[in-house]
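Working notes, structure below.
The values are calculated or read from the model by the stated rules, or taken from the named source; none is laboratory data. Quick caveat: nothing in here was measured; it's all calculated off a predicted structure. Cβ atoms come from the backbone with ideal geometry, glycine included; neighbour counts cover every protein chain shown. Remember, those area values only see protein heavy atoms, side chains included, never the ligands or the DNA or RNA. Shrake-Rupley method; radii C 1.70, N 1.55, O 1.52, S 1.80 Å.
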Amino acid sequence: MVISTGIDLLDRLLAGGIKKGASALIMSTPGVEDLQFAHQCLFAHLNNKGHAVYVVNNKKPSILKATLKEFDWDVSPFEKKGSCIFLDCYSGLLSMKSQEKDYVSNPTSIAETSEAVFRLLKKVKKPSLLVFDSLSSLIDLTNAEEDVLSFLKRLKSQLKESNTTMIALFTRWPYSKTTIDSIEELFDCVIRLKAIEQKVILRSYFSVAKAKWLAQLEKKEIPYKIVSPGGVKVFIPKILVTGPFNAGKSSFIHSASTRAVSVDRLGTTVALDHGHVDFRGFAVDLFGTPGQERFDPILEMLGGEALGVIVVVDSTDPKGFARAKEMLELTKTEGLPAVIVANKADLEGALSSSKIRERMKLPEETPIIPVVAEDIKKVRKNKPCKLNPEDIGKVFEKLFETIV
Ligand SMILES: Nc1nc2c(ncn2[C@@H]2O[C@H](COP(=O)(O)OP(=O)(O)OP(=O)(O)O)[C@@H](O)[C@H]2O)c(=O)[nH]1
Ligand SMILES: [Mg+2]
């Protein structure tokens, strides 16, 4: 019995989601976007006929709802039905009249806040989710770390009693170590968000640091980014698409991407192809190389920092197979997770996957996926064509399996 986080890969790491009645802490370092982790879970829960109480103490509920809407997570129908209740612990701070039915007049008082939270927990229907946004703001507002901890303890037993799941946001400002440790200790599950600066690019990762209901944790750090609409996407910043001249690299990138650009002249790529892919919760940037040998000097540069590689070969042209392997060397991407696209499988004389494996001397674990043009009648000489979306889906599935 779990509540989905709305993020496929995170659900998988948690063996399905957050256990019902358990508490999950989204612990982030300052500057990392964390809000959508709670929002994605909230919206998935409401869509699954769940009920929720959302405690907000660091922005006006109207702003929060606008943010949700921006991500295509419009909660107003759920509010109307009564399945989503906002507890406004913010307007009172500015001595403004709240526009919510439920509010706390003096949010700096932990007694008032907790009274309101407990009242709503009794009222909300099952299965229920409490979103606490945010715990760090509660500490800042009340300036009473001890009181917040004892509130959390009472809250936990209340959650258990009412079988309510909690997801709470916490930004790791420089609080005392004992406070941070005690908070982590109190929660059943801790999901850490952090950002790492790599060269000039800032990358964010999530990981499950604790989940009491699991015997063993998968110690994985999953790169993510937040896109609107869509929310949290597992983000693979660079996949290299390479392969011999005329194999179908540009066709692959264009067919796979929601947005793509190529720099082509007379039907061949002369600089690079770039595309952005959105697929089952993954966001991926594809970088393609030209195929002609005169571009070999720039291949190493194009391959830098790739996390995986898609090698496109023309299944009817075994002469290109050796060149494909050479391109892996030139781009310095041997050893990275790789998938072979056996393209043009629709053409007469196309070799089977096993023949290609044999000829290319590829290990058994390297996936080879046959790919065909979506409509062979529309294929034009020297012009990238549209490839079959189902085949492309298989390529990404295999690739993501090996990368994350
Ligand atoms: N029948 C068939 N033709 C294909 C397929 N994929 C690509 N083509 C055609 O093959 C030719 C080359 O495709 P591109 O996508 O331009 O190949 P490329 O690898 O980017 O080529 P370079 O950039 O010049 O190295 C084009 O005429 C495409 O229309 C396929 O699956 N089936
Ligand atoms: Mg090309």
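What are the residues in the stretch 339-360 that are aliphatic (A, V, I, L, M), free of Cβ contacts under 8 Å to residues at least 60 places away in the same chain and either away from ligand 1 (no atom under 15 Å from the Cβ) or in a strand (DSSP E or B) (or both), if any? Show your work before the answer.
Here is the first cut: in the stretch 339-360, the residues aliphatic (A, V, I, L, M) are 339-342, 345, 347, 350-351, 356, 360.
Then keep just the ones that are free of Cβ contacts under 8 Å to residues at least 60 places away in the same chain; that gives 340, 342, 345, 347, 350-351, 356, 360.
340, 342, 360 - these are the residues of the stretch 339-360 that are aliphatic (A, V, I, L, M), free of Cβ contacts under 8 Å to residues at least 60 places away in the same chain and either away from ligand 1 (no atom under 15 Å from the Cβ) or in a strand (DSSP E or B) (or both).
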Output for the stretch 113-144, where each listed residue is surrounded by fewer than 16 Cβ atoms within 10 Å (Cβ to Cβ) and farther than 26 Å from residue 40 by Cα: 115, 143, 144
Residue check: is residue 6 of a type in the set (Gly, Ala, Ser), without any contact (Cβ under 8 Å) to a residue 24 or more places away in the chain and within 22 Å of residue 192 (Cβ to Cβ)? no
Which of the following residues is among the β-branched types (Val, Ile, Thr), more than 21 Å from the chain's Cα centre (by Cα) and more than 16 Å from ligand 1 (Cβ to nearest atom): 236, 183? 183
Quick check on my filter: what residues within the stretch 177-190 are closer than 16 Å to residue 130 by Cβ and part of a strand (DSSP E or B)? 189
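Residue-wise test of (1) more than 29 Å from the chain's Cα centre (by Cα); (2) in the same structural domain as residue 134 (by TED's automatic domain parsing); (3) surrounded by fewer than 13 Cβ atoms within 10 Å (Cβ to Cβ).
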residue: 60; (1), (2), (3): no, yes, no
residue: 70; (1), (2), (3): no, yes, yes
residue: 79; (1), (2), (3): no, yes, no
residue: 86; (1), (2), (3): no, yes, no
residue: 92; (1), (2), (3): yes, yes, no
residue: 98; (1), (2), (3): yes, yes, no
Consider only pairs whose beta carbons are under 8 Å apart and that are at least six residues apart or on different chains; among these, list those whose first residue lies in the stretch 369-390 and is over 18 Å from residue 315 (Cβ atoms) and whose second residue is of a type in the set (A, V, I, L, M, F, W, C). 378/385; 382/266
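Can you tell me which residue in the stretch 243-264 is modelled with the highest pLDDT, limited to those that are more than 10 Å from ligand 2 (Cβ to nearest atom) and surrounded by fewer than 18 Cβ atoms within 10 Å (Cβ to Cβ)? Please lay out each step first, then the result.
So the first thing to find is which residues in the stretch 243-264 are more than 10 Å from ligand 2 (Cβ to nearest atom), and the list is 244, 255-261.
This time we only want the ones that are surrounded by fewer than 18 Cβ atoms within 10 Å (Cβ to Cβ), so: 258-259, 261.
On the way: 258: 80, 259: 72, 261: 69.
Going through the qualifying residues, I end up with 258.
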Output the residue which, of all residues in the stretch 271-286 that are open to solvent by 40 Å² or more (accessible area, probe 1.4 Å) and within 12 Å of ligand 2 (Cβ to nearest atom), is modelled with the highest pLDDT. 274
Could you say which residue among 375, 296, 314 is in contact with a Gly (Cβ under 7 Å, 6 or more places away or on another chain) and either more than 30 Å from residue 223 (Cα to Cα) or surrounded by fewer than 16 Cβ atoms within 10 Å (Cβ to Cβ) (or both)? 314
Answer with yes or no whether residue 226 is closer than 30 Å to residue 141 by Cβ and of a type in the set (A, V, I, L, M, F, W, C). yes
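Which ones in the stretch 361-391 are outside any loop (DSSP other than H, G, I, E, B) and within 16 Å of ligand 2 (Cβ to nearest atom)?
Looking only at the stretch 361-391, we keep the residues that are outside any loop (DSSP other than H, G, I, E, B), and these are 368-370, 373, 376-378, 387, 389-391.
Scanning the stretch 361-391 gives 373, 387.
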Test: residue in the stretch 143-155 that is at pLDDT 90 or above and of a type in the set (Val, Ile, Thr): yes
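Yes or no: the stretch 114-129 includes at least one residue that is part of a strand (DSSP E or B) and within 29 Å of residue 82 (Cα to Cα). Explain how you work it out, then say what you get.
Let us first name the residues in the stretch 114-129 that are part of a strand (DSSP E or B), namely 128-129.
Filter once more, so that each one left must be within 29 Å of residue 82 (Cα to Cα): 128-129.
Yes, some residue in the stretch 114-129 is part of a strand (DSSP E or B) and within 29 Å of residue 82 (Cα to Cα).
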Being more than 12 Å from ligand 1 (Cβ to nearest atom), open to solvent by less than 40 Å² (accessible area, probe 1.4 Å) and free of Cβ contacts under 8 Å to residues at least 40 places away in the same chain is the requirement here; does residue 304 meet it? yes
If you go through 319, 332, 325, the only one that is surrounded by fewer than 23 Cβ atoms within 10 Å (Cβ to Cβ), more than 16 Å from ligand 2 (Cβ to nearest atom) and closer than 15 Å to residue 368 by Cα is 325
Selection within the stretch 227-242 - within 16 Å of ligand 2 (Cβ to nearest atom) and not assigned by TED's automatic domain parsing to the domain that holds residue 324: none
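Yes/no per residue for (1) assigned to a loop (DSSP other than H, G, I, E, B); (2) in contact with a Cys (Cβ under 7 Å, 6 or more places away or on another chain); (3) of a type outside the set (Val, Ile, Thr):
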residue: 147; (1), (2), (3): no, no, yes
residue: 154; (1), (2), (3): no, no, yes
residue: 166; (1), (2), (3): no, no, yes
residue: 175; (1), (2), (3): yes, no, yes
residue: 193; (1), (2), (3): no, no, yes
residue: 203; (1), (2), (3): no, no, yes
residue: 210; (1), (2), (3): no, yes, yes
Could you list, in sequence order, the residues of the stretch 62-99 that are more than 30 Å from residue 225 (Cβ to Cβ) and in a helix (DSSP H, G or I)? 80, 81, 91, 92, 93, 94
